[in-house]
1. Give the order of B:PHE97, B:PHE12 when sorted by the count of other beta carbons within 10 angstrom, beginning with the fewest.
2. At B:SER94, with labels set 7 Å past Cα in the Cβ direction, how many nm apart are the copies from this one, shortest first?
3. 7 Å along Cα→Cβ for the label point: how many nanometres lie between A:VAL66 and each equivalent label in the other copies, listed shortest first?
4. Residues of region B:67-84 with backbone nitrogen within less than 18 Å of a virtual label 7 Å along the Cα-to-Cβ line of B:ASP31, please, listed as ranges.
5. If r is the Cβ-Cβ distance from B:LYS65 to A:THR71 and R0 is 41 Å, what FRET efficiency results, to the nearest 0.05?
6. Using the 7 Å Cα-to-Cβ label point, sort the distances from A:VAL18 to its equivalents in the other copies shortest first and give them in nm to one decimal.
7. Please give, to one decimal in nm, the separation of the simple spin-label points placed at B:LYS50 and A:ARG57, each 7 Å out from Cα toward the Cβ.
8. Over all alpha-carbon pairs in region A:1-79, figure out the percentage whose distance exceeds 19 Å.
2 protein chains.
Amino acid sequence: MVHYQARLDTTFAALSDVTRRGVLEQLAGSDASITDLAQRFRMTLTGMKKHVGVLERAGLVTTEKVGRVRTCKLGPRRLEEEAAWIERHRQLWSARFDALDEIVEDLKRKEKANARSKRR
Amino acid sequence: MVHYQARLDTTFAALSDVTRRGVLEQLAGSDASITDLAQRFRMTLTGMKKHVGVLERAGLVTTEKVGRVRTCKLGPRRLEEEAAWIERHRQLWSARFDALDEIVEDLKRKEKANARSKRR
DNA sequence: TTGATAGTGAACCATATGGTTCACTGTAAG
DNA sequence: CTTACAGTGAACCATATGGTTCACTATCAA
């Protein structure tokens, strides 16, 4: 997928704001209008609309306007790729440091052997 | 922890750039100097230094300068909080839609019952 | 019809981001 | 000593971000 990296860019960026993470948590509880969200996070309608736009572009939220109110709900993307990326990083991180540990252990063993041979 | 949200902010922001994710992957393979990284990602030393700075401030990378070369390696933070946040969101997402499914199922059942009673 | 309500879009503002160039320092090596 | 190399910091640039106000449209309700 060519868009994989771009998608990670926009989703991680969407998650990098405390208000937007809050909106996601709120929507996990129940759907909400722009007005609801704006009140809960103490900002103007316009400001909240922008945040919702960011979340929507990232696929994390979908909205539908009926009458004058636009209802926001959790979107189709479930942060699968993001979770996978992070998990993979954690694996590599562990592997890297396990390898380092082994080297250290190895060095210790050799040191001991060296000390023994010198004592002889 | 007061800094929890701020930390999530800066780490997700650090992850929202394809170059920085690339640097993390590279460092998972082996340590590297600024020059190494700058070459691999085709940008100036100054540019790469900035990226490394962002990763360092997020705790994802540590660096040490010996002689003229600054060596970068994976840092102490293992994206634990980020992984946890994402996992929790995925849980809530599922719960939310399982609940919706139940409602839909419930509606279907009632509809059938209604149809049966009307037929009588 | 009139008024309040919900959202929208443009314009604006301050600050941050991702990148560069240029001038500089410190270190290594001939 | 001289030159080359690795990094650093300041200044600059274009664009993005997070927020606002203001003017406007569309809808609901009395």
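Taken together, the values in this text are just the output of simple stated rules run on the coordinates, not laboratory data. The shown structure was predicted, so the numbers you read here are calculated from the model rather than taken from an experiment. Don't worry about glycine lacking a Cβ; one is built from the backbone with ideal geometry, like all the others, and counts go over all protein chains shown.
1. Going from sparsest to densest Cβ surroundings: B:PHE97, B:PHE12.
2. Distances to the matching label points in the other copies: 1.9 nm.
3. A:VAL66 label point versus its equivalents elsewhere: 6.6 nm.
4. Answer for this model: B:67-77.
5. Here the calculated transfer efficiency is 0.15.
6. 3.1
7. It is 2.0 nm.
8. On the way: 944 of 3081 pairs.
More than 19 Å apart: 31 percent of the Cα pairs in region A:1-79.
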